[in-house]
1. Restricting attention to the range 36-49, which residues are aliphatic (A, V, I, L, M) and closer than 17 Å to GLU67 by Cβ?
2. Just name the residue that is farthest from the chain's Cα centre (by Cα) out of those in the range 34-67 that are loosely packed, with under 15 Cβ neighbours inside 10 Å and part of a helix (DSSP H, G or I).
3. Suppose the filter is open to solvent by less than 90 Å² (accessible area, probe 1.4 Å) and among the β-branched types (Val, Ile, Thr); does VAL3 pass it?
Amino acid sequence: MTVWQIALIVLLAIVCALYLVAIPLAKRSAMRKQAKMVDQMHANLKPGDQIVLIDGIVGKIKHLNQEDVQVEIAANTVITVKRMGIAGVVKEAATGDGNELDHVHSAVESTAASHG
């Protein structure tokens, strides 16, 4: 074997090792960051916030405690959901009429935007 062949084999071994180590570490770090953002969003919830549930239902928080949130999804229709079922907080459009949804801030979108 020549010196170049040995160097190429060593280089390929280093690239493979980095691929097998660096990518899982980066994914783990991103998952931790995403979980922290979701926890922070859940901690900042308050009555009156417009939210979107994981299944796409939009509603307004009426009451919340440590684990459960009561969400009004229509006039006189209140459902109780777990905090972990909340995907994001809705930010109303600048028009202020409350009928348009400008953007849903969720941890998944924020993480995707920061990585893309």
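1. Across the range 36-49, the qualifying residues are VAL38, MET41, ALA43, LEU45.
2. ALA43
3. no
The values are calculated or read from the model by the stated rules, or taken from the named source; none is laboratory data. Source: prediction; values computed, not measured. For neighbour counting, all protein chains shown are included, and Cβ atoms are generated from backbone atoms with ideal geometry for every residue, glycine included. Surface areas here come from the heavy atoms of the whole protein model, side chains and all, with no ligands, DNA or RNA. Shrake-Rupley method; radii C 1.70, N 1.55, O 1.52, S 1.80 Å.
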